[in-house]
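Presented below is the structure to which this report refers.
The values are calculated or read from the model by the stated rules, or taken from the named source; none is laboratory data. Small disclaimer: the values here were computed from a predicted structure and weren't measured. Please note: Cβ atoms are built from the backbone with ideal geometry, for glycine as well, and neighbour counts cover all protein chains shown. Remember, those area values only see protein heavy atoms, side chains included, never the ligands or the DNA or RNA. Shrake-Rupley method; radii C 1.70, N 1.55, O 1.52, S 1.80 Å.
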Amino acid sequence: IMPSLVGSEMCIRDRLYFIVAICLLVVIHEYGHFWVARRAGVQVLRFSVGFGKPLFSFKDKYGTEYSLAPIPLGGYVKMLDSREAPVADHLKHQEFNSKSPWVRIAIAAAGPIANFLFAILAYWALAWSGTTSLIPVIGQIADDSPAANAGFFPGDEILAINGDDTPSWQDVNWHMLSFIGETRSVPVLVKGEEGRQRELSVTIKDWLGDTEAPDPLSGLGITPRLPDIPLKVAEVVDGSPAQAAGMQAGDEVLAVNNTDVADWSGWVTSIRESAGQSITITVLRNGQSVDLQATPKAVTLDSGEVVGQIGVMAQAPEYPADWLRQSEPGVVRAFQIGIEKTGQLIWFTLDSLGKMITGDVSVKNLSGPITIAKVAGASASGGLEAFVSFLALLSVSLGVLNLLPVPMLDGGHIVFYMAELIRGKPLPESVQIAAVKIGMVLLLMLMIVAFYNDISRL
């Protein structure tokens, strides 16, 4: 958690990590279908990553074509099926539609299950390798906020929410996000600086339901305890006002317009309040005081507020050892953690989708490829652990989405096959065609909303 003075725009790096993330998860998903189909005796004609005319392809000894296409928004496994093309008599036993409904259900479900298994393994590996997290101790509390009204104090450590332990800020965020769109009282166990535990009750109303990219801590009015951020510049963005002014990495900010700057927060405030204005920045460089002239760029936020940005990043603060919590579970416990985290994400995704349908949560939270690309790039910048965690989260989302009972998705196919099991014969072709058309409309509407949200965030 570190404030910066850098704007966020989609870059080539974001696109690259987006392609890597999507291609990897598509391969995992489609390989689930492929693996079960092969073992069920179904002939796989094509395994494609991406859509459109293949950039290149090759065939294996079984006649399966593997291709990479230019549109990285998904993929597919094409199987031998008489509904798409005539099948020779000697190949009837390898046809998808000739298999029992149970086999077809297994093939359809294998893709999402592969996504869930990947998430379990990813979280298992992260847990087993050991984790370091920031102990959730409160730094500041906003006046007249839910946290202030509930009786929280600076220095309180959040021990549990609704009976579930919260050993890190990530756990606090996830547990509070589970109440999104709800009106209720949430029991929270805290420990004060003197060591005494207290049971508090936080009252929330329509909790962040109409908020885009909800932030549970801000919603509660809580700011985590953070060490002082050094007033030393770590990086100057190319083409930024800071670079034009001559600022350099390693400069220590002393003053703005001859007014001393006490900390990084004060420096950020000074820049935000100077949008489009020429200011004098005094820095310490190689032991010498240097005055620089800069004009922060005026940027309009989603709220309509105009703020200044200059294009520098701070050095990462050093956290005292007693502020951090180390966790090194054994291989078995780490695997349990992987299962628990994946299960929590599956439930959270389903719960959020349900709340969007009922209107308790804004559809502004739906994201398309542009937002995913930005998050992919940001997580990759945070290191391998952050990127793997992002892949696991996206993999669960992909698995849940595909299991929805919507025609065109795996879940829709499973519904068709379940109906066939109950009826003893397939649904009428006219019913299936009508359902597919409805499914296409629903997916198209979902994509339009997601793309609109992406564009509105630019």
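If you take every DSSP beta bridge fully contained in the chain, what fraction is antiparallel? Give it as a percent rounded to 5. Roughly 95 percent of the DSSP beta bridges within the chain come out antiparallel.
When volume of the Cα convex hull per residue in Å³ is computed from the coordinates, the matching label among (1) 148; (2) 204; (3) 193 is (3). Ranking V236, P224, W207 by how far each Cα lies toward the positive end of the dipole of region 204-289 (charges on Cβ) leaves V236 at the top. The residues of the chain expose, per residue, 53 Å² of accessible area to a 1.4 Å probe.
Report, in deg cm²/dmol and to the nearest 500, the calculated mean residue ellipticity at 222 nm for the chain, where each DSSP H run with n ≥ 4 adds -39500 (n - 2.57) and the sum is divided by the residue count.
The helix contribution divided over the chain gives -14000 deg cm²/dmol.
Relative to the longest principal axis of the Cα atoms of the chain, the long axis of helix 101-128 lies at roughly 30 degrees.
Placing +1 on each Lys and Arg Cβ and -1 on each Asp and Glu Cβ, with no other charges, gives the chain a dipole about its Cα centre of roughly 2200 debye. Evaluating 6.51 cos²θ - 1.76 cosθ + 1.60 at θ = phi - 60° for every residue in region 72-86, the Karplus couplings come out as x, 10, x, x, 7, 10, 9, 10, 4, 8, 5, 6, 9, 7, x Hz, glycine and proline recorded as x. Exposure here means at most 15 other Cβ atoms within 10 Å; with trypsin sites (Lys or Arg not before Pro) in a DSSP loop as sites, the longest stretch of the chain lacking them is 206-458. Against the chain, whose longest principal axis comes from its Cα atoms, helix 12-39 is set at around 30 degrees. Here the chain exposes an accessible surface that is 59 percent carbon and sulfur, computed with a 1.4 Å probe and the other protein chains kept in place.
Of the beta bridges in region 1-143, as assigned by DSSP with both residues counted there, near 70 percent are antiparallel.
Between S201 and L24, the simple label model (points 7 Å from Cα in the Cβ direction) yields a spacing of 4.5 nm. Once the Cα atoms of helix 369-381 and of the chain are each reduced to a long axis, what angle between those two axes, in degrees from 0 to 90 to the nearest 10, is obtained? That works out to roughly 60 degrees.
Using the structure shown, select from K78/K341; K99/K341; K61/K92; K78/K437; K78/K355; K92/K425 the pairs with a Cα to Cα distance greater than 25 angstrom. Checking Cα-Cα distances, K78/K341; K99/K341; K78/K355 exceed 25 Å.
Rounded to 0.05, the FRET efficiency of the E252 and E420 pair, given R0 = 60 Å and the Cβ-Cβ distance, is 0.25.
Given a Förster distance of 60 Å, report the FRET efficiency between D164 and Q288 from their Cβ-Cβ distance, rounded to the nearest 0.05. FRET efficiency, D164 to Q288: 0.65. Between S278 and L444, residue separation times 0.36 nm minus the direct Cα-Cα distance comes to 55.0 nm.
The modelled label-to-label distance for the pair D238/Y319, using points 7 Å beyond Cα in the direction of Cβ, is 3.2 nm. The GluC sites (Glu not before Pro) of region 298-341 meeting both criteria, a DSSP state outside H, G, I, E and B (loop) and at most 16 other C-beta atoms within 10 angstrom of the site's C-beta, are E305, E318.
Modelled this way, with points 7 Å down the Cα-to-C-beta line, the labels at D215 and L384 are 3.1 nm from one another. Legend: calculated FRET efficiency, K61 to V363, from the Cβ-Cβ distance at R0 = 51 Å, rounded to 0.05, equals 0.60.
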